[in-house]
Amino acid sequence: MTQHFDVAIVGGGPAGSAAAWQAARTGASVVVLDKATFPRDKPCGDGLTPRAVSFLQKMGLADAVASFYRVSGARVFSPSEWNLAFPKRPGMPDHGHVVRRTALDALLLENAHAAGAEVRQGAEVIAPIVDDGRVIGVTLRGGERVVADAVIAADGAYSPVKRGLRLDSKYHGYSAIARSAPRCPSTALQAWRLPMGFTAWPPWRPGVLFAGDALGAARPVSGAGISKALQSGMAAGECAVAALVNGGPDDFTNYAQRVEADWGSEYRRGRFFHRLIGVPAVANAGIKVLDKVNHPGVRSHLLFWEGWGSAPDQPPNN
């Protein structure tokens with residue numbers, strides 16, 4: 001059996017759900033395919049920065065987000081401990097939230113469904129379908145084919161769609177994420193590598209756009225990924241529909257232009273930063289400098305290129 005959609009989205013995480021919500025609101029026929037059954041957990045991403053909160057608010061989820069545990073800053077160890085308050089920016093919340101990915105991702109997927117997207121859980125995509133150099137759909141485990149005018153690959157760092165196309169990038173910055181594992185011995189750690197700095201560039205090929213970790217969208221210094229997943233997903237959903245309406249599925253240059261305009265300079269600085277800290281002597285000297293600088297604004301600019309303020313020892317929460 002073969003189904004046809006305007007947009008098929010591989011992956012039901014934040015990037016995929018945001019893309020589906022954005023595309024479905026235009027009236028496009030949209031399907032989200034994810035191999036998991038929700039709710040499902042993820043090893044990282046429980047923290048929502050103010051930027052992530054702002055995107056969730058734009059998606060109509062302000063009330064739901066307000067019920068999450070609220071935080072107003074970040075604690076950094078370098079190796080001494082110091083605190084930063086989230087910056088105050090016009091039109092942007094000055095706080096973040098913490099929520100389990102089991103709850104956040106289920107909320108986002110339901111929001112996409114409410115906007116009109118069809119959601120198929122337990123639907124594992126194993127490969128893209130390519131015809132004459134253009135992606136025209138995907139194949140599910142079991143052999144079912146889903147055909148679409150545009151495919152958005154939001155299928156994670158180890159994207160089956162990207163692997164199936166044998167894509168590589170000259171950018172290979174990575175952020176290491178680790179956490180203790182409650183279901184393992186107390187001494188055990190689980191660790192993953194998350195791509196950042198655009199590991200799929202350009203962010204599209206004929207018939208397909210990449211978003212979230214499949215794009216390598218995590219911020220190059222802080223490693224923050226949820227806000228960039230939401231932002232890239234919304235942009236991919238909007239640009240995919242706009243291109244289909246006005247030109248067709250062979251050219252998603254509008255998406256590349258959007259990503260470059262929004263993030264280009266930040267990610268170029270990030271890649272330069274990663275080359276620098278790849279030199280142990282430079283990395284060690286940088287840590288010592290950060291540890292001795294007491295001004296929170298200087299520290300935040302060095303770390304995040306944003307002007308954060310100082311925070312109390314125990315950031316307030318609700």
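Of the set (1) closer than 27 Å to A157 by Cα; (2) buried (at least 16 other Cβ atoms within 10 Å of the Cβ), all apply to L84 but (1). Considering region 270-281, the residues that are part of a helix (DSSP H, G or I) and surrounded by fewer than 13 Cβ atoms within 10 Å (Cβ to Cβ) include one that is modelled with the highest pLDDT, namely A281. Of T26, T37, T102, all but one fail to be among the hydroxyl-bearing types (S, T, Y), surrounded by fewer than 21 Cβ atoms within 10 Å (Cβ to Cβ) and part of a helix (DSSP H, G or I); the exception is T102. Residues in region 65-81 that are assigned to a helix (DSSP H, G or I) and surrounded by 18 or more Cβ atoms within 10 Å (Cβ to Cβ): V65 only. The condition (being part of a loop (DSSP other than H, G, I, E, B) and surrounded by fewer than 20 Cβ atoms within 10 Å (Cβ to Cβ)) is satisfied by just one residue among G91, G45: G91. Taking the criterion of being surrounded by 21 or more Cβ atoms within 10 Å (Cβ to Cβ) and touching a Gly at 6+ places or on another chain (Cβ under 8 Å), would at least one residue in region 51-64 satisfy it? Yes - at least one qualifying residue is present in region 51-64.
Collect the residues in region 85-126 that are in contact with a Leu (Cβ under 8 Å, 6 or more places away or on another chain) and among the acidic types (D, E), keeping them in residue-number order. Once the filter is applied, which keeps residues that are in contact with a Leu (Cβ under 8 Å, 6 or more places away or on another chain) and among the acidic types (D, E), region 85-126 yields only E124. Residue pairs whose Cβ atoms lie under 9 Å apart, separated by 6 or more positions or on different chains, with the first residue in region 81-93 and at positive phi and the second in a loop (DSSP other than H, G, I, E, B) and not aromatic (F, W, Y), do not occur. If the requirement is being among the hydrophobic types (A, V, I, L, M, F, W, C), under 19 Å from M234 (Cα atoms) and part of a strand (DSSP E or B), which of these qualifies: V119, V130? Sole residue among the options that is among the hydrophobic types (A, V, I, L, M, F, W, C), under 19 Å from M234 (Cα atoms) and part of a strand (DSSP E or B): V119. Taking residues in region 250-268 that are more than 14 Å from A150 (Cβ to Cβ) and aliphatic (A, V, I, L, M), and partners anywhere that are part of a loop (DSSP other than H, G, I, E, B) and modelled with pLDDT under 95, the pairs with Cβ atoms closer than 6 Å and at least 6 places apart or on different chains are A256/P202; A256/P203; V259/P203.
The values are calculated or read from the model by the stated rules, or taken from the named source; none is laboratory data. Fair warning: this is a prediction, and the values are worked out from it, not measured in the lab. Ideal geometry is used to build each Cβ from the backbone, glycine not excepted, and the neighbour counts take in all protein chains shown.
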